[in-house]
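Enquirer: This is the structure I want to talk about, given as structure tokens.
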Amino acid sequence: MPTSAPLCTLLPWCPPERLLALCHNQPQSVFLDSGGDPKQDRHRWSILCPRPSASLSILGFDPSAYWNTLRQFWREHTPPASPHCEHLPFSGGVIGLASYEAGLACEGLRSRHPLSTPPLTALACRDLFVIDRREQALWWVSPDGTPPPPLPETPLPSSTLPPLNWQADYDEQAWHHTIDKVRSYIQHGDIFQANITMRWHSSRPERLDLLSLYQRMRTRCPAPFGAWFHTANISLLSASVERFLSLSPDGTIETRPIKGTTGIDPDPTRNEALRSALAQDTKELAENLMITDLMRHDIGRVCALGSVTVPQLCAVERFEHVHHLVSSVQGILKNTLDGIDLLAATVPPGSVTGAPKHRALEIIDEVERSSRGAYCGTLFRLGWDGSLDSSVIIRSISATAHQLSLGAGGGITWPSDAQREYHETLLKAAPLLALTEPSS
């Protein structure tokens, strides 16, 4: 039986791939699963809540209802006393998914496409594991004093994955036509840039085990913002490389927009040449700079006057399958606001929209052929202490009862070459499209 005292207990080490078995056959569960080199801070911590205490799903197109209802849900489930876990990055809170269309609603827009995802879904996570991959330390946190479940002895056995029949929104010719149309808007002064994406869709085979699919994803595509987010209405399997927003309890905000991509070569000399070319690519640098400026504007809506800075601009960072240009924008949240206000002011993420943002959103919805849904939305965790961390939902597969979808795309500017953009999009999507193929 639970005790009355909150728990923050150090447990024997159990690797994340074994802990994932606790999510098997649960009606809802969430795993913020940081993969890659744990020596780097962005890869260090993972959080697993196998049995959330409550869920929230919001429909409709009223953005004030999204955020007011989420704030009420957060407050209702905030425990009267929290465990003393100051050394941990998260000791419980709400973990949620705001779709791309939720962001459209915040900009006063409504997609012309049928929606595939509730605009906002959230889980109250009171009892959870916090995993320090760098130090191989495992913590159980429970404000209610609930004892931890038994630790799995072995990983969940992987089931055979049936092939998926992925169908793309565009063929190459149609993609070229779409990019030319966007460049025409740029030529006529509507926008400077738009992030144009395509999606692949597959029916969901009855015998497909999503958790096994996620096991394979996290092995083949380890990512700093990997995630398993499973609810009755949607499941998200994410290998995202991009942080959206973070907010510390003292009010410090950081966003890290990614724009600019090149491949990785196993030969060190050729790989360094790729890195150097990306760092000097005029088109890619301009693309990143525009999105960095957009994010300065977005967080500036809720930051203290004069607090917004850009400590990193267009640095080349390596990820599992590609190099990206990454910038950092920081600021201080106004003391009358909270993390929910920060989300409301900034969704959908600037790196997957364009500049100027509102007009880019209109053009994106005009030229794209399906709703983005979870893709290009944000997965966030909002702590009881007011802290926030979130990712841009890219490199991901979303699943409903009958369909799977994934997306990829890139920023289009006037110098963009449609064929190059098409092949960059395929490069980004390839690791996910290949997940149900046997290992080579």
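The values are calculated or read from the model by the stated rules, or taken from the named source; none is laboratory data. Owing to the predicted nature of the structure, the values given are computational and were not obtained by experimental measurement. Ideal geometry is used to build each Cβ from the backbone, glycine not excepted, and the neighbour counts take in all protein chains shown. Ligands, DNA and RNA are stripped out before the accessible areas are found, and what is left, the full protein with its side chains, is counted by its heavy atoms. Shrake-Rupley method; radii C 1.70, N 1.55, O 1.52, S 1.80 Å.
Enquirer: Would you mind listing how long the stretch 134-290 runs along its three principal axes, going by Cα atoms, in whole Å with the largest first?
Expert: 62, 46, 39
Enquirer: Based on the alpha-carbon gyration tensor of the stretch 279-330, what equivalent-ellipsoid semi-axes (square roots of 5 times the eigenvalues) come out, in whole Å, largest first?
Expert: 24, 12, 9
Enquirer: May I pose another question? What order do you get for 279-288, 264-273, 415-424 when each peptide is scored by the mean count of other beta carbon atoms within 10 Å, highest first?
Expert: Averaged packing, sorted descending, gives the order 279-288, 415-424, 264-273.
Enquirer: Now for a different question. If packing is taken as the mean number of other Cβ atoms within 10 Å per residue, what is the order of 195-204, 91-100, highest first?
Expert: 91-100, 195-204
Enquirer: Ok, one more. Helix-only estimate, please: 222 nm mean residue ellipticity of the chain, summing -39500 (n - 2.57) across DSSP H runs of length 4 or more and dividing by its residues, to the nearest 500.
Expert: -8500 deg cm²/dmol
Enquirer: Based on the mean of other beta carbon atoms within 10 Å per residue, what is the order of 313-324, 26-37, 74-85, most packed first?
Expert: Descending packing order for the listed peptides: 26-37, 313-324, 74-85.
Enquirer: For the stretch 240-294, what is the largest minus smallest coordinate of the Cα atoms on each principal axis, given in angstrom and ordered from greatest to least?
Expert: Projected onto the principal axes, the Cα atoms of the stretch 240-294 cover 44, 23, 16 Å.
Enquirer: Moving to a separate point now. Charges only on Cβ, +1 for Lys and Arg, -1 for Asp and Glu: so what's the dipole of the chain about the Cα centre, in debye to the nearest 20?
Expert: 280 debye
Enquirer: Given a 1.4 Å probe and every protein chain left where it sits, what share in percent of the accessible area of the chain is carbon and sulfur?
Expert: Roughly 52 percent, rounded to a whole number.
Enquirer: Still on this structure, please answer the following. Starting from the Kirkwood Rh over alpha-carbon pairs, what translational D in µm² s⁻¹ does the stretch 15-118 have by Stokes-Einstein at 37 °C and 0.692 mPa s?
Expert: 199 µm²/s
Enquirer: Taking only C-alpha pairs under 8 Å that are 6+ residues apart, what is the relative contact order of the stretch 331-393 in percent?
Expert: Dividing the mean separation by the residue count of the stretch 331-393 yields 31 percent.
Enquirer: What value in Å³ per residue do you get for the convex hull of the alpha-carbon atoms in the stretch 89-183?
Expert: 252 Å³
Enquirer: So with the 1.4 Å probe, I'd like the accessible area per residue for the stretch 158-242, rounded to whole Å².
Expert: 41 Å²
Enquirer: So, one more: Residue farthest toward the positive end of the dipole of the chain, with Cβ of Lys/Arg at +1 and Asp/Glu at -1: which of Ala315, Pro150, Ala374?
Expert: Pro150
Enquirer: Need one number: convex hull volume per residue for the stretch 40-95, Cα atoms only, in Å³.
Expert: In the stretch 40-95, the Cα convex hull volume per residue is 130 Å³.
Enquirer: Anyone know which of Cys14, Cys125, Cys49 comes out most mobile in the 10 Å Cα GNM of the chain?
Expert: Cys14
Enquirer: Tally Lys and Arg at +1 and Asp and Glu at -1 over the other residues with C-beta under 11 Å from the C-beta of Leu20: what net charge comes out?
Expert: Computed value for this residue: 0.
Enquirer: Dividing the alpha-carbon radius of gyration of the stretch 382-440 by 2.2 N^0.38 Å (N being the number of residues), what value is obtained?
Expert: Rg over 2.2 N^0.38 Å, computed on Cα atoms: 1.58.
Enquirer: Which one, Thr261, Asn25, Pro205, is farthest towards the positive end of the dipole of the chain when Lys and Arg carry +1 and Asp and Glu -1 on their Cβ?
Expert: After comparing all options, I get Asn25.
Enquirer: At q = 0.20 Å⁻¹, what is the base-10 log of I(q)/I(0) for the stretch 278-367 according to the Debye formula with one equal point scatterer per Cα and no solvent? Please give it to two decimals.
Expert: Here the Debye-derived log intensity ratios amount to -1.03.
Enquirer: Sort largest first and round to whole Å: the equivalent ellipsoid semi-axes of the stretch 328-440, each the square root of five times a Cα gyration tensor eigenvalue.
Expert: 29, 21, 14
Enquirer: With every protein chain left in place, what is the accessible area per residue of the stretch 1-152 in square angstrom, probe 1.4 Å?
Expert: 43 Å²
Enquirer: Still on this structure: Using modelled backbone amide H atoms (1.01 Å from N, in-plane), which distant-in-sequence or interchain residues come within less than 5 Å of Asn195's amide H?
Expert: Thr353, Gly354, Ile412
Enquirer: So if I take the alpha carbon set of the chain, get Rg, then get Rh from the Kirkwood formula, what is the Rg over Rh ratio?
Expert: We get a ratio of 0.95 for the chain.
Enquirer: Here's a follow-up. In bins 10 Å wide, starting from 0, what share of all Cα pairs of the stretch 145-202 does each bin hold, as a percent?
Expert: 16, 23, 17, 14, 15, 13, 1
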